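Input: a single structure, listed below in structure tokens.
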Amino acid sequence: MPAIEILGLEKKYEVGFLRKTEKVALKPFELAVQEGEIFGYLGPNGAGKTTTLKLLMGLIFPTAGSARLLGRHWRDPDVKTEIGFLPEQPYFYDYLTATELLEYYGELSGMDPTAQRLRVPEVLERVGMTAAASTQLRKFSKGMLQRVGIAQAIIHDPKLVILDEPMSGLDPMGRLEVRDIIHSLKDEGKTVFFSTHILSDAETLCDRVAVLNEGELRAIGVVADLTAQVGGKVEVVWQGEKAKPAVEALGAECRTTASLVRAVLPEAKLDAALDAIRQARERLVSVTPVRATLEDYFLQKLGRKPLEEVETR
Amino acid sequence: MNSRVLTIAANTFREAVRDRVLYNLVFFALLMAGGSILVGQISIDIERQVVVNLGLTAVSLFGVVIAIFIGIGLVSKEIEKRTLYTVLARPVRRWEFIVGKFFGLVITLVVNTFLMSLGVLLALLYVAHKLERGDLTVVVAIYFIVLQFVVVTALALLFSSFSSPLLSAVLAFAVFIVGTFAEDLRGFAAMSQGVTRVGATIAAYLMPNFAALNVIAEAAHAKPVAGNLILFNTVYALLYALAAVAGAVLIFERRNLK
Ligand SMILES: Nc1ncnc2c1ncn2[C@@H]1O[C@H](COP(=O)(O)OP(=O)(O)OP(=O)(O)O)[C@@H](O)[C@H]1O
Ligand SMILES: [Mg+2]
């Protein structure tokens with residue numbers, strides 16, 4: 001049974017004040033996320049990721065289509081006892097302490113009070129917030145809010161966890177910790193569906209990803225399969241400066257270190273580059289294939305980079 | 001009652017307390033203390049009247065201001081700040097959220113009014129040196145004031161479900177004032193003719209009748225209030241509030257959160 005089935009969900013917005021026009025934020029498509037998967041939902045800014053997640057959680061209503069969650073009708077409110085959700089840039093009642101907030105959400109999720117008392121400190125520990133357990137949320141930094149946000153998404157031990165940009169606002173340590181949490185959720189047999197535009201996170205974490213662009217589903221698959229579709233690149237290293245202009249003319253980026261020149265270029269141009277180096281009578285040091293990344297996939301297939309945010313690694 | 005509604009109501013009350021809403025009691029206490037000391041010095045016979053009038057009018061105004069200003073933000077603020085997202089991601093029905101928020105503010109107002117009422121009774125004891133049977137009307141008047149708060153809160157909630165906070169506040173205050181003169185409005189409707197009469201009558205009866213819920217004058221003169229009126233007012237206020245909350249729920253059920 002799939003954990004999430006998106007059945008042609010569509011969302012149009014009316015924009016403009018005087019002359020109303022329709023903006024399609026999400027075009028209909030089918031997508032199934034299997035139980036036990038870590039599934040990445042990728043796309044550049046404005047692709048429709050948040051729109052999809054808000055539709056799934058019933059925060060906004062679709063103009064067409066429906067969905068199933070954990071095999072049940074998505075509008076069944078009780079299915080949400082089994083789902084955890086982290087919104088984008090989450091904001092919480094700032095007059096509560098982290099512990100009170102988690103207790104509140106636990107109660108709303110129908111948790112048993114004794115189970116809850118044990119669970120709250122455990123979850124706070126898991127997101128590294130034990131020290132701030134009794135601090136009011138108004139005193140929290142952005143990253144701390146994000147961590148509490150993850151805590152509230154898993155407080156009731158849900159089967160399906162839906163996270164909208166779980167790594168945003170976190171420092172490198174925080175991102176590693178969140179990756180670990182996502183991995184451990186999978187180990188516990190949970191399904192994790194998360195959106196991101198940080199591709200390295202998707203590459204290291206996801207069993208499968210879906211790529212969304214301008215409201216359209218562009219691809220679904222294993223990361224390796226997607227990147228394999230992208231024409232490969234090779235790195236050529238040689239000694240000497242004379243062949244550099246000719247290689248650069250082939251569209252390669254060259255960097256010189258000491259007496260070595262390194263050029264990364266599309267596989268198809270390799271022969272021409274080697275010819276240039278031979279003609280200049282320079283010594284070839286190495287030729288290595290470069291693994292294509294999701295970033296290459298984005299650049300080639302969507303014609304744009306997915307990240308406006310600078311990666312901090 | 002449903003446990004999720006209770007949880008939301010309790011949290012709403014906690015928010016009000018932590019946001020220092022109950023601090024208004026300090027001003028109220030100062031007002032009552034100052035007022036009763038002052039009348040205690042100037043007159044003999046009308047002390048009781050002045051204290052009851054001043055006290056109950058203040059209880060009513062403080063409460064209405066709280067009901068409107070918190071009432072308009074009860075749900076709209078949660079949408080604006082997006083604190084609602086993680087609540088509606090739980091097995092919480094939208095109506096449960098609205099009803100929980102509503103009860104939370106009503107509980108806040110009841111606690112606030114209870115403490116103020118103690119202040120009024122203390123002031124009464126101070127100027128009259130004893131409490132009598134006639135003072136029971138003061139308790140009835142306070143009960144009616146609470147019923148007014150229930151209606152005003154429901155209306156503030158309803159208005160905020162389709163208009164901006166500022167407009168909602170203006171509307172709620174306007175309805176409160178018009179409703180205070182509900183009897184005059186009904187009288188005016190009865191005097192007019194033809195289509196105007198139909199329109200004015202409908203308008204007059206749509207407005208909440210806050211005049212019937214105001215027995216401050218009777219309380220000041222220690223006149224008893226008919227048991228029938230207590231029953232009628234209770235049913236009237238609860239039905240009116242129910243209709244307004246139901247309207248807010250109907251609008252909110254369809255709403256796309258931003
Ligand atoms: N309330 C709204 N009214 C009009 N258009 C909207 C509304 N909400 C979203 N959109 C539009 O829908 C599109 C998809 O937005 P969405 O927030 O889903 O993108 P996203 O993939 O989450 O982007 P990001 O990576 O920046 O978070 C955008 O073009 C956005 O302008
Ligand atoms: Mg988004």
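The values are calculated or read from the model by the stated rules, or taken from the named source; none is laboratory data. Keep in mind it's a predicted model, so treat the numbers as computed, not measured. All Cβ positions, even for glycine, are placed from backbone atoms using ideal geometry, and neighbour counts span all protein chains on display.
In segment A:90-101, the residue that is nearest to the other protein chains (Cβ to nearest Cβ) out of those that are under 15 Å from A:MET144 (Cα atoms) and in a helix (DSSP H, G or I) is A:LEU101. Only a single item in (1) part of a helix (DSSP H, G or I); (2) touching a residue at least 24 places away in the same chain (Cβ under 8 Å); (3) within 13 Å of another protein chain (Cβ to nearest Cβ); (4) buried (at least 21 other Cβ atoms within 10 Å of the Cβ) is not met by A:TYR104, and it is number (2). Within segment A:18-58, the residues that satisfy the criterion of being within 15 Å of ligand 1 (Cβ to nearest atom), within 23 Å of A:SER200 (Cα to Cα) and in contact with a helix residue (DSSP H, G or I) (Cβ under 6 Å, 6 or more places away or on another chain) are A:GLY40, A:TYR41, A:LEU42, A:GLY43. Considering only residues in segment A:57-74 that are more than 17 Å from B:VAL92 (Cα to Cα) and more than 11 Å from chain B (Cβ to nearest Cβ), the one that is surrounded by the fewest Cβ atoms within 10 Å (Cβ to Cβ) turns out to be A:GLY71. Within segment A:171-184, the presence of a residue that is within 16 Å of ligand 1 (Cβ to nearest atom) and at negative phi is excluded.
What residue, of B:SER36, B:SER60, is among the polar types (S, T, N, Q), farther than 23 Å from B:ALA156 by Cβ and surrounded by 22 or more Cβ atoms within 10 Å (Cβ to Cβ)? Spell out the reasoning first.
Details: B:SER60 fails: farther than 23 Å from B:ALA156 by Cβ.
On inspection, the qualifying residue turns out to be B:SER36.
Here A:ARG117 clears all of (1) in contact with a Pro (Cβ under 9 Å, 6 or more places away or on another chain); (2) surrounded by fewer than 20 Cβ atoms within 10 Å (Cβ to Cβ); (3) on the phi < 0 side of the Ramachandran plot except the condition numbered (1). Applying the condition of being part of a loop (DSSP other than H, G, I, E, B) and either more than 7 Å from chain B (Cβ to nearest Cβ) or free of Cβ contacts under 8 Å to residues at least 60 places away in the same chain (or both) to segment A:75-89 and asking which residue is farthest from B:ARG93 (Cα to Cα) yields A:GLN89.
Only one entry of A:LEU31, A:LEU86, A:LEU26, A:LEU18 meets the criterion of being within 16 Å of ligand 2 (Cβ to nearest atom) and farther than 24 Å from B:LYS77 by Cα, and that entry is A:LEU26. Look at segment A:5-29: where a residue is within 14 Å of another protein chain (Cβ to nearest Cβ), no partner that is within 16 Å of ligand 2 (Cβ to nearest atom) and modelled with pLDDT under 85 sits 6+ places away or on another chain with Cβ atoms under 8 Å.
Looking only at residues that are part of a helix (DSSP H, G or I) and within 12 Å of chain B (Cβ to nearest Cβ) in segment A:117-151, which one is farthest from the chain's Cα centre (by Cα)?
Step one: filter segment A:117-151 for residues part of a helix (DSSP H, G or I), giving A:117-126, A:130-132, A:137-139, A:142-151.
Checking the rest, the ones that are also within 12 Å of chain B (Cβ to nearest Cβ) come to A:137-138, A:145, A:148-151.
On the way: A:LEU137: 26, A:ARG138: 28, A:LEU145: 19, A:VAL148: 19, A:GLY149: 16, A:ILE150: 15, A:ALA151: 18 Å.
Within segment A:117-151, the match that is farthest from the chain's Cα centre (by Cα) is A:ARG138.
Here is a list: B:PHE176, B:PHE188. Which entry is at pLDDT below 85 and either acidic (Asp, Glu) or in a helix (DSSP H, G or I) (or both)? Answer to the selection: B:PHE188.
Against the condition surrounded by 18 or more Cβ atoms within 10 Å (Cβ to Cβ), more than 16 Å from ligand 2 (Cβ to nearest atom) and over 19 Å from the mean Cα position of the chain (by Cα), how does A:MET111 come out, does it pass? It is true that A:MET111 is surrounded by 18 or more Cβ atoms within 10 Å (Cβ to Cβ), more than 16 Å from ligand 2 (Cβ to nearest atom) and over 19 Å from the mean Cα position of the chain (by Cα).
For segment A:152-183, filtering for residues that are within 11 Å of another protein chain (Cβ to nearest Cβ), over 24 Å from A:GLY43 (Cβ atoms) and assigned to a helix (DSSP H, G or I) leaves 1.
Of all residues being in contact with a Phe, Trp or Tyr (Cβ under 7 Å, 6 or more places away or on another chain) and farther than 23 Å from A:ASP78 by Cα in segment A:146-170, which is nearest to ligand 1 (Cβ to nearest atom)? Just the residue, please. Among residues in segment A:146-170 that are in contact with a Phe, Trp or Tyr (Cβ under 7 Å, 6 or more places away or on another chain) and farther than 23 Å from A:ASP78 by Cα, the one nearest to ligand 1 (Cβ to nearest atom) is A:PRO166. The number of residues in segment A:150-164 being among the charged types (D, E, K, R) and touching a strand residue (DSSP E or B) at 6+ places or on another chain (Cβ under 6 Å) comes to 1.
I'm checking my understanding of the structure. Among residues of segment B:3-30 that are over 18 Å from B:VAL138 (Cα atoms), in contact with a helix residue (DSSP H, G or I) (Cβ under 9 Å, 6 or more places away or on another chain) and at pLDDT below 85, which one is nearest to the other protein chains (Cβ to nearest Cβ)? Steps first, answer last, please.
The initial filter retains those residues of segment B:3-30 that are over 18 Å from B:VAL138 (Cα atoms), namely B:3-27, B:30.
Retained after the next criterion (residues that are in contact with a helix residue (DSSP H, G or I) (Cβ under 9 Å, 6 or more places away or on another chain)): B:3-17, B:19, B:21-22, B:24-25, B:27.
Pick out the ones that are also at pLDDT below 85 and you get B:21-22, B:24-25, B:27.
Values: B:VAL21: 11, B:LEU22: 14, B:ASN24: 18, B:LEU25: 19, B:PHE27: 22 Å.
Only one residue tops the list, namely B:VAL21.
Listed here are the residues, each with its yes/no results for (1) at pLDDT 95 or above; (2) of a type in the set (Lys, Arg).
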site: A:LYS11; (1), (2): yes, yes
site: A:PHE17; (1), (2): no, no
site: A:GLU22; (1), (2): no, no
site: A:GLU30; (1), (2): yes, no
site: A:GLU103; (1), (2): yes, no
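Given A:GLU177, A:GLU188, A:GLU165, which one is within 16 Å of ligand 2 (Cβ to nearest atom) and of a type in the set (Asp, Glu)?
On the way: A:GLU177 fails: within 16 Å of ligand 2 (Cβ to nearest atom); A:GLU188 fails: within 16 Å of ligand 2 (Cβ to nearest atom).
Exactly one residue qualifies, and that residue is A:GLU165.
Scanning segment B:218-242 for residues being surrounded by 14 or more Cβ atoms within 10 Å (Cβ to Cβ), assigned to a helix (DSSP H, G or I) and not β-branched (Val, Ile, Thr) gives a total of 10. Scanning segment B:87-98 for residues being at the interface with another protein chain (Cβ under 7 Å from one of its Cβ atoms) and either in contact with a helix residue (DSSP H, G or I) (Cβ under 6 Å, 6 or more places away or on another chain) or surrounded by fewer than 17 Cβ atoms within 10 Å (Cβ to Cβ) (or both) gives a total of 4. Could you list all residues from segment B:191-211 that are under 17 Å from B:ALA243 (Cβ atoms) and in a loop (DSSP other than H, G, I, E, B)? Those that are under 17 Å from B:ALA243 (Cβ atoms) and in a loop (DSSP other than H, G, I, E, B): B:MET207, B:PRO208, B:ASN209, B:PHE210. Here's a check for you: in segment A:284-311, which residue that is hydrophobic (A, V, I, L, M, F, W, C) and closer than 29 Å to A:LEU170 by Cα is modelled with the lowest pLDDT? Within segment A:284-311, the match that is modelled with the lowest pLDDT is A:VAL310. Against the list (1) over 19 Å from B:LEU242 (Cβ atoms); (2) among the β-branched types (Val, Ile, Thr); (3) surrounded by fewer than 19 Cβ atoms within 10 Å (Cβ to Cβ), the condition B:ILE107 fails is (1).
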